[in-house]
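Contents: one structure, followed by commentary.
The values are calculated or read from the model by the stated rules, or taken from the named source; none is laboratory data. Note that this is a predicted model, so its numbers are computed, not measured. For neighbour counting, all protein chains shown are included, and Cβ atoms are generated from backbone atoms with ideal geometry for every residue, glycine included. Surface areas here come from the heavy atoms of the whole protein model, side chains and all, with no ligands, DNA or RNA. Shrake-Rupley method; radii C 1.70, N 1.55, O 1.52, S 1.80 Å.
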Amino acid sequence: MVFWHAAERKQLGIPSGWGLAFSYSHLFIDKFLPFFRAGYANDGGALWDRSVSMGCGYRISEMIDRLGLGFNWGRPSKNEFGESMDYQFTSEIYCHFNLYKMFSATPSIQLLINPALNQEVNSIFVYGFRFRASL
């Protein structure tokens, strides 16, 4: 559980705010890694005022650490986007690779329905690639 607070940023016109975030995951039978995350924000320039995510990863091998599927529901901040914004729904498929002891990579594909940052379309695909180096 995380509690955060952001001070007012007068020059940018952003009010102070606070929020809570919760995350839980647990490895079962050395193969399954379900996760659950939830967050709440009250101003502070946050893009979302509520968000809930859940999904599960499956460990295939030492190199393919997780193949996973996740889902998210998010309510865009009324202060940032106005009252008429629809909820955003996101689904993601990802694969986490252990490249070496210190390096990992995670390509992903996401489908966003009612994307808050692109209101001209009903849905959009987002392709991602995360890379991590542990020193």
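Quick look at the numbers
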| read-out | value |
| --- | --- |
| Hits in the stretch 102-116 - residues which are aliphatic (A, V, I, L, M) and touching a Ser or Thr at 6+ places or on another chain (Cβ under 7 Å) | Met102, Leu111, Leu112, Ile113 |
| When residues of the stretch 50-67 are limited to those that are within 13 Å of the chain's Cα centre (by Cα) and open to solvent by less than 30 Å² (accessible area, probe 1.4 Å), the one farthest from Ala105 (Cα to Cα) | Ser53 |
| Matching residues, the stretch 31-49, being surrounded by fewer than 18 Cβ atoms within 10 Å (Cβ to Cβ) and aromatic (Phe, Trp, Tyr) | Phe32, Phe35, Phe36, Tyr40 |
| Answer residue from the stretch 67-101, given it is modelled with pLDDT under 90 and among the basic types (Lys, Arg) and is farthest from Asn114 (Cα to Cα) among those | Lys101 |
| Residues of the stretch 9-45 satisfying the condition of being at pLDDT below 85 and out of contact with any strand residue (DSSP E or B) (no Cβ under 7 Å at 6 or more places or on another chain) | Leu12, Gly13, Ile14 |
| Any hit, the stretch 68-83, residues being farther than 27 Å from Trp4 by Cα and either of a type in the set (S, T, N, Q) or open to solvent by 30 Å² or more (accessible area, probe 1.4 Å) (or both) | yes |
| Whichever residue in the stretch 1-26 is outside any loop (DSSP other than H, G, I, E, B) and of a type in the set (S, T, N, Q) and, among such residues, is farthest from Ser53 (Cα to Cα) | Gln11 |
| Members of the stretch 115-133 that are open to solvent by less than 60 Å² (accessible area, probe 1.4 Å) and part of a strand (DSSP E or B) | Ile124, Val126, Gly128, Ala133 |
| In the stretch 2-38, the residues that are under 23 Å from the mean Cα position of the chain (by Cα), of a type in the set (A, V, I, L, M) and under 30 Å from Glu62 (Cα atoms) | Leu27, Leu33, Ala38 |
| Members of the stretch 27-68 found to be among the small types (Gly, Ala, Ser) and assigned to a strand (DSSP E or B), listed by number | Ala38, Gly39, Ala41, Ser51, Ser53, Gly55, Gly57, Gly68 |
